[in-house]
1. Let me spell it out: the conditions are (1) within 15 Å of the chain's Cα centre (by Cα); (2) farther than 21 Å from Thr189 by Cα; (3) modelled with pLDDT of 90 or more, and Pro56 meets all of them except one. Which number is the exception?
2. Looking at the range 167-192 only, could you name the residues that are touching a Pro at 6+ places or on another chain (Cβ under 9 Å) and in a strand (DSSP E or B)?
3. For the range 26-41, which positions are part of a strand (DSSP E or B), farther than 9 Å from Thr193 by Cα and not β-branched (Val, Ile, Thr)?
4. Scan the range 37-50 and report the pairs whose first residue is under 16 Å from Ala181 (Cβ atoms) and in contact (Cβ under 8 Å) with a residue 40 or more places away in the chain and whose second residue is outside any strand (DSSP E or B) and not β-branched (Val, Ile, Thr), with Cβ atoms within less than 8 Å and a gap of 6+ or a chain change.
5. Output the qualifying pairs, or none if there are none: Cβ atoms under 7 angstrom, residues six or more apart or on different chains, first residue in the range 1-24 and loosely packed, with under 10 Cβ neighbours inside 10 Å, second residue modelled with pLDDT under 70 and outside any strand (DSSP E or B).
6. For the range 88-103, does any single residue satisfy the condition of being closer than 15 Å to Ala181 by Cα and either modelled with pLDDT of 90 or more or surrounded by 14 or more Cβ atoms within 10 Å (Cβ to Cβ) (or both)?
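The values are calculated or read from the model by the stated rules, or taken from the named source; none is laboratory data. Model, not experiment: these values are computed from the prediction. Cβ coordinates were reconstructed from backbone atoms using ideal geometry, including for glycine residues, and neighbour counts include every protein chain displayed.
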Amino acid sequence: MQVMASGVSAPLNVPVTGAGADFQLSVQGASSSTVTGGSSATYQLLLTPVGASAGPITLTCTGAPAGSTCATNPANVTMTGTGATATIQVTVATAAASAHSGPTAPSSGKSAAGAVLACCLVLWRRRGWASLERWRVLLVLGALCLGLTGCGLSINGGASTGSGDGSSGQGAYTITVAAGAPGVSHAVTLNLTVE
């Protein structure tokens with residue numbers, strides 16, 4: 001190392017001892033994955049020390065969908081100075097899609113109501129009934145018809161399970177895995193598609 005100073009005709013040579021730490025981070029295999037909500041995507045990374053680098057390396061993972069988790073195994077790596085490589089597994093666990101189903105049509109209630117109305121029409125056109133008796137029967141059948149229709153609406157309301165909250169995080173994402181040591185850091189990007 002050279003140190004320059006004003007008023008000095010020649011540079012000053014200062015001896016420095018020690019070795020700086022550095023490493024390389026790369027993806028082994030596929031860097032893209034497509035999964036359905038609730039499934040996990042797994043990637044393999046390779047960490048290679050440069051020379052006889054030694055020291056701890058901390059791994060972080062960012063960019064996962066909301067409600068999902070991204071983890072590295074191991075969470076930390078220690079370079080021993082021997083140049084040995086380390087394999088890192090990255091797992092992104094996505095959130096399951098919420099249930100989404102619409103209400104079903106109250107076909108049974110409507111069918112029963114239609115049958116009662118048909119009976120009303122038949123009885124109305126039938127002759128030989130006293131007017132008062134006919135009206136009584138129609139009133140009873142009409143009340144029964146309304147009751148069945150109401151039941152159908154109640155069943156319809158109870159069939160809905162909700163519209164979902166979008167927690168599955170469907171879409172395309174860029175996952176960034178960073179590895180850092182004192183004075184140096186490297187990162188790789190992974191692609192994730194959630195269907």
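1. (1)
2. Answer for the range 167-192, where residues must be touching a Pro at 6+ places or on another chain (Cβ under 9 Å) and in a strand (DSSP E or B): Gly171, Tyr173, Ala181, Leu192.
3. Ser26, Gln28, Ser40, Ala41
4. Hits for this filter: zero, empty list.
5. If the second residue must be modelled with pLDDT under 70 and outside any strand (DSSP E or B), the pairs left are Val14/Met1; Val16/Met1.
6. no
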